[in-house]
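Notes follow the structure.
The values are calculated or read from the model by the stated rules, or taken from the named source; none is laboratory data. Bear in mind that the values here come from a model prediction, so they are computed numbers and not experimental data. All Cβ positions, even for glycine, are placed from backbone atoms using ideal geometry, and neighbour counts span all protein chains on display. Ligands, DNA and RNA are stripped out before the accessible areas are found, and what is left, the full protein with its side chains, is counted by its heavy atoms. Shrake-Rupley method; radii C 1.70, N 1.55, O 1.52, S 1.80 Å.
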Amino acid sequence: MDAPTAVVLMGVAGSGKSHVGRLLAEALGARFVEGDAYHSDENRARMQAAIPLTDADRAPWLSALAAALQQARVTRERVVLSCSALRRAYRDVLRAGNRAAQFVWLHADAETLRARLLSRADHYMPAALLDSQLATLEVPTADEQVWQIDARMDAAGIVDAVQQRLGHGSTQ
Ligand SMILES: Nc1ncnc2c1ncn2[C@@H]1O[C@H](COP(=O)(O)OP(=O)(O)OP(=O)(O)O)[C@@H](O)[C@H]1O
Ligand SMILES: [Mg+2]
C-alpha cells in the first residue's frame, strides 16, 4: 500500500497535536500545517475567552483546512495537519479535501490533558475549554479507519508508532 501523503493529527486540546505534529512532519520529511493558524481572529478571541466554538464558527476554518489538504493532494506534497476534528462532520469536511488522508487520533485521559494544558504557557486555548471539547468529541467509528494512538506516550514514541503504521518505521 502506498503511504498516504496526508496525515491529520486529531484530538482534544492538550493531546499533543501541535507538539507531536511538528516532530512527525520532520521525521516524514513533510510540511507541518498548524490547523490553529487557520482560525479567524474572532474564533481565536472566543477560545481565549473560553467560549466554545459552534459549528458555524468552525465551518470556514474547516473549509480552509480542507482546501489546504486538497492543494497538497494536487501538488503531491506530503503534509501533516494538526486539527482537533472533534466531530464526524468536521472530519468529513476534511476528507472531502483529501479522501486518502490518514487520521490519527491522539487519545489520553482527561487528567493527563488537563495537567498539560495547565502547564502550557502562552497559548490561547485555556484549560477551561477541555470539558466542552471532551463533550463535543465524537469518537471515530470503525468505518472511518482512524488510527488511535496513546497520547500519554512520549512524543518520540508516538512519532515512531505512527511511522511504523505508515510503513516508514526506522526499524523496518
Ligand atoms: N506526548 C507528550 N508527552 C508529554 N508532553 C506532551 C506530549 N505531547 C504534548 N505535550 C505537551 O502538552 C502540552 C499540549 O500539547 P500541544 O500544545 O501540542 O496540544 P494540542 O493538541 O496542540 O492542543 P490545542 O488543541 O490546544 O492546540 C504542550 O505543553 C506540549 O509540550
Ligand atoms: Mg495545538
Residue 165 paired with residue 76, simple spin-label distance in nm, labels 7 Å along Cα-to-beta-carbon: 2.6
Kirkwood hydrodynamic radius over Cα pairs of the chain, then Stokes diffusion coefficient at 20 °C and 1.002 mPa s, in µm²/s: 133
Residue 152-residue 42 FRET efficiency (beta carbon distance; Förster radius 35 Å; 0.05 resolution): 0.55
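Compute the Cα gyration tensor for segment 35-93, then decide on rounded, prolate or oblate, letting a ≥ b ≥ c be the square roots of its eigenvalues: rounded whenever a/c is under 1.5, prolate when a/b is larger than b/c in the other cases, and oblate in all that remain.
prolate
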Residue 109/residue 34 FRET efficiency (R0 30 Å; Cβ-Cβ; nearest 0.05): 0.75
Dipole in debye (nearest 20) - the chain, about Cα centre, beta carbon charges: Lys, Arg +1; Asp, Glu -1: 300
Relative contact order (percent, whole number), segment 83-172, Cα cutoff 8 Å, 6+ residue spacing: 36
Accessible surface of the chain, 1.4 Å probe, proportion on carbon and sulfur as whole %: 51
Helical contribution to [θ] at 222 nm, DSSP H n ≥ 4, -39,500 (n - 2.57), averaged over the chain, rounded to 500: -14000 deg cm²/dmol
Positive-end residue of 118, 74, 105, charge dipole of segment 44-172 with Cβ unit charges: 74
Low-density loop cleavage sites - GluC sites (Glu not before Pro) in segment 80-172, where at most 13 other Cβ are within 10 Å (DSSP): 138
Point-to-point label distance, residue 63-residue 26, nm (Cα→Cβ direction, 7 Å offset): 3.6
Cleavage-rule hits, trypsin sites (Lys or Arg not before Pro), segment 5-86, DSSP coil, Cβ neighbours within 10 Å at most 11: 76
